[in-house]
Amino acid sequence: MRIVLVGPPGAGKGTQAAFLAKNLSIPHISTGDLFRANISQNTELGQRAKAFMDAGDLVPDEITIGMAKDRMEQPDAVNGFLLDGFPRNVSQAEALDEMLQTAGMKLDAVLDLEVEEDEVVKRIAGRRICRNDSAHVFHVVYAAPKAAGVCDTCGGELYQRDDDSEATVRNRLEVYHTQTEPIIDYYKAQGLLVTIPALGEVADVTQRAMDALKK
Ligand code: ADP
């Protein structure tokens with residue numbers, strides 16, 4: 001299966017992607033995680049991406065599309081993948097279509113996680129992520145770890161992402177509305193869009209997503 005996950009920052013894309021990828025036995029490809037890995041390894045790509053990410057802006061397409069394409073061409077992705085955070089604008093969506101078409105492949109579904117803006121801001125402000133694995137996500141109020149600052153799952157250190165500050169979150173939401181939301185209509189027109197409410201328990205949202213994908 002080839003699936004794209006869309007939704008505003010804080011919709012729970014990363015959390016859901018980890019569960020869905022496991023259930024479907026396909027790799028979870030997150031462009032945000034790829035950028036953060038490049039930044040922590042101080043690669044040239046990471047150095048180029050950092051300022052855009054810290055401001056909550058999109059990293060330019062000429063950096064992003066090549067990186068995403070390289071990852072999708074890895075052997076573990078030949079039979080499918082779950083894209084999280086890519087595409088994030090219409091020109092990336094067109095580049096993805098072109099790439100898949102050339103390879104004789106197509107997308108099976110685009111899953112849109114729907115959440116209200118107020119909820120998103122609350123979620124992001126309290127979000128804490130494990131340094132070992134970005135799928136280990138906590139929230140200081142809604143999903144507090146047993147010991148402050150320590151991952152329940154693996155004991156790793158929890159941290160707040162640089163771009164999770166309130167000012168940056170507002171810009172990320174603005175960028176989402178202006179640049180990313182248009183891909184929802186783009187995929188609706190292709191008959192690929194599946195919208196599910198992303199409120200409630202994590203496991204319930206995963207179940208809703210799995211049910212929607214089976215159809
Ligand atoms: P979230 O969905 O919570 O905003 P991500 O980890 O997906 O978090 O993305 C973090 C940042 O990485 C984005 O704000 C952006 O700067 C950059 N980024 C990730 N994916 C893309 C993309 N497809 N195109 C451009 N920039 C991207």
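The values are calculated or read from the model by the stated rules, or taken from the named source; none is laboratory data. What you see is a predicted model; the values in this text were computed from it and never measured. So basically every Cβ, Gly included, is an ideal-geometry build from the backbone, and we count neighbours across all protein chains shown. Protein only, heavy atoms only, side chains kept; ligands, DNA and RNA dropped before computing areas. Shrake-Rupley method; radii C 1.70, N 1.55, O 1.52, S 1.80 Å.
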field: Qualifying positions in the range 50-70 - outside any helix (DSSP H, G or I) and β-branched (Val, Ile, Thr)
entry: Val59
message: Can you go through Asp84, Asp33 and tell me which one is acidic (Asp, Glu), in contact (Cβ under 8 Å) with a residue 60 or more places away in the chain, within 16 Å of Asp162 (Cα to Cα) and open to solvent by less than 60 Å² (accessible area, probe 1.4 Å)?
response: Asp33
task: Mind listing just one residue for me: the one in the range 45-66 that is open to solvent by 50 Å² or more (accessible area, probe 1.4 Å) and over 15 Å from Ala95 (Cα atoms) and, of those, farthest from the ligand (Cβ to nearest atom)?
output: Gln47
message: The conditions are (1) away from the ligand (no atom under 12 Å from the Cβ); (2) touching a residue at least 24 places away in the same chain (Cβ under 8 Å), and Glu73 fails exactly one of them. Which is it?
response: (2)
- prompt: Given the structure, is Arg131 under 16 Å from the mean Cα position of the chain (by Cα), within 17 Å of Asp164 (Cβ to Cβ) and at pLDDT below 95?
  reply: no
- prompt: How many residues, within the range 6-44, are near the ligand (Cβ under 8 Å from one of its atoms), charged (D, E, K, R) and farther than 22 Å from Thr195 by Cβ?
  reply: 2
statement: Residues of the range 45-69 being charged (D, E, K, R), under 26 Å from Leu100 (Cα atoms) and over 17 Å from the mean Cα position of the chain (by Cα), in sequence order, are Glu62
- line: Those residues of the range 172-197 which are open to solvent by less than 40 Å² (accessible area, probe 1.4 Å) and either in a helix (DSSP H, G or I) or more than 11 Å from Val6 (Cα to Cα) (or both) amount to Arg172, Leu173, Val175, Tyr176, Thr180, Ile183, Ile184, Tyr187, Leu192
- request: Take the residues in the range 1-22 that are under 24 Å from His139 (Cα atoms) and open to solvent by 60 Å² or more (accessible area, probe 1.4 Å), then tell me which one is farthest from the chain's Cα centre (by Cα).
  value: Lys22
- prompt: Do the conditions hold for Val175, that is, is it within 12 Å of the ligand (Cβ to nearest atom) and either at positive phi or modelled with pLDDT of 95 or more (or both)?
  reply: yes
